[in-house]
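*Asks:* Next up is a structure, given as structure tokens.
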């Protein structure tokens, strides 16, 4: 991992999406033995072929997950992938809270992403694990400043990017989301629990084609988890909605399937750029 001696063995707590699989492949290519805890009905089954060892659990089984990590001789771990908060609200059958999970949820008064993830990280650390930063563990996926697609943003699009950056700073400080969509200087959609792709689709329904999507980290983002991420799915959602420009925060945003995403952006005529970060991570 960047900035420190590499570890030969790393635990991976894997959620939904492509990030756990791509991260596992990247770590394995760097000579790291990856041992994963994955959640039934949530994680990509393909992850099993990308890691050295894997234990599957129901979402909410904290004690069993910790025991699996110990059995796989893991001291340091990284968290990757989304956990749909809707599952906690609607009592999804995929969630089976054990006593530790119930106590943890009962000990916090907010279920926003930052509060939930910090509580889980603190619980893991009390169990003796070190939780690594995503931007260090997944350094090869982190966006660097500059343009990624063949078309540069227009002056009008860059104006909307600045509007989006200011709006993003405000909603991020409130713990609301990591993405806003802007058209002609007007914020038309703000991400909440539904995720980036759904936010983009809603923006297309509300404002039509020509919007700018801006994505970045929350103020005071804890870089151990939940860094913003984009990939081919983001570009596909933008193409369907008619969005014309994607602007992401450099240094903190993870890019999944970079080549495929860039090719898709070029085919759709989407300008894609990474703006400099003016925030310091935790």
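Quick note: the coordinates plus some simple rules give every number you see, no bench work behind them. As the structure is a computational prediction, the values presented were derived from the model and not from experiment. Glycine also receives a Cβ, built like all others from the backbone with ideal geometry; neighbour counts cover every protein chain displayed.
*Asks:* Please report the spacing between the Cα centers of the range 252-268 and the range 128-184 in Å, no decimals.
*Replies:* Between the Cα centres of the range 252-268 and the range 128-184 lies a distance of 14 Å.
*Asks:* Please determine, in degrees from 0 to 90 and to the nearest 10, the orientation of helix 19-29 with respect to the longest principal axis defined by the Cα atoms of the chain, where the helix direction is its Cα long axis.
*Replies:* Computed tilt is about 70 degrees.
*Asks:* Helix 113-126 sits at what angle to the longest principal axis of the chain, using alpha carbons and giving 0 to 90 degrees rounded to 10?
*Replies:* 30
*Asks:* Sorted from fewest to most neighbouring beta carbons within 10 Å, what does the list 48, 249, 73 look like? Could the numbers behind the result be given before it?
*Replies:* Working: 48 15, 249 24, 73 11.
So the ranking, lowest neighbour count to highest, is 73, 48, 249.
*Asks:* Right, here's the next one. For the range 9-137, what is the relative contact order in percent, using Cα pairs closer than 8 Å and at least 6 residues apart in sequence? Let's see the in-between values first.
*Replies:* On the way: 201 pairs, mean separation 35.7, N = 129.
Once normalised by length, the contact order is 28 percent.
*Asks:* Taking only the alpha-carbon positions of the range 142-275 and ignoring solvent, what does the Debye formula give for the base-10 log of I(q)/I(0) at q = 0.22 Å⁻¹?
*Replies:* Results for the range 142-275 at q = 0.22 Å⁻¹ read -1.41.
*Asks:* Starting from the Cα-Cα distance between residue 126 and residue 260, subtract it from 0.36 nm times their residue separation and give me the gain in nm to one decimal. Walk me through the numbers on the way to the answer.
*Replies:* Working: separation 134, 0.36 × 134 = 48.24 nm, distance 4.00 nm.
Full-extension gain reported as 44.2 nm.
*Asks:* Using only the alpha-carbon atoms of the range 113-161 as identical scatterers, what base-10 log of I(q)/I(0) does the Debye formula give at q = 0.29 Å⁻¹?
*Replies:* Calculated log10 I(q)/I(0) at the listed q: -1.07.
*Asks:* Quick check on the chain: of the DSSP beta bridges with both residues there, what percent are antiparallel, nearest 5%?
*Replies:* 30
*Asks:* What does the C-alpha gyration tensor say about the overall shape of the range 9-137? Classify as rounded when a/c is under 1.5, otherwise prolate if a/b is larger than b/c, or oblate.
*Replies:* On the way: a/c = 1.69, a/b = 1.44, b/c = 1.17.
Because a/c hits 1.5 or more and a/b exceeds b/c, the range 9-137 counts as prolate.
*Asks:* May I pose another question? Starting from the Cα gyration tensor of the range 214-282, take the square roots of the eigenvalues, sort them a ≥ b ≥ c, and report rounded, prolate or oblate (rounded when a/c is under 1.5, otherwise prolate if a/b is larger than b/c, else oblate). Walk me through the numbers on the way to the answer.
*Replies:* Values: a/c = 2.42, a/b = 2.06, b/c = 1.18.
Note, shape of the range 214-282 comes out prolate.
*Asks:* If you don't mind, another one. Indicate the gyration tensor shape class of the range 16-87 (rounded, prolate or oblate), computed on the Cα atoms with a ≥ b ≥ c the square roots of the eigenvalues: a/c under 1.5 is rounded; otherwise a/b larger than b/c is prolate and the rest oblate. The partial results should precede the final answer.
*Replies:* Numbers: a/c = 1.90, a/b = 1.18, b/c = 1.60.
Judged from the Cα gyration tensor, the range 16-87 comes out oblate (a/c at least 1.5, b/c at or above a/b).
*Asks:* Rounded to the nearest 5, what is the percent of antiparallel bridges among the DSSP beta bridges in the range 142-275?
*Replies:* About 50 percent, rounded to the nearest 5.
*Asks:* Let me ask something else. Between 0 and 90 degrees, rounded to the nearest ten: what's the tilt of helix 196-207 against the longest Cα principal axis of the chain?
*Replies:* Tilt of helix 196-207: around 30 degrees.
*Asks:* Neighbouring Cβ atoms within 10 Å as the yardstick, rank 33, 68 fewest first. Mind showing how you got there, number by number?
*Replies:* Working: 33 16, 68 22.
So the residues, fewest neighbours to most, are 33, 68.
*Asks:* By count of other Cβ within 10 Å, fewest leading, how are 127, 215 ordered?
*Replies:* 127, 215
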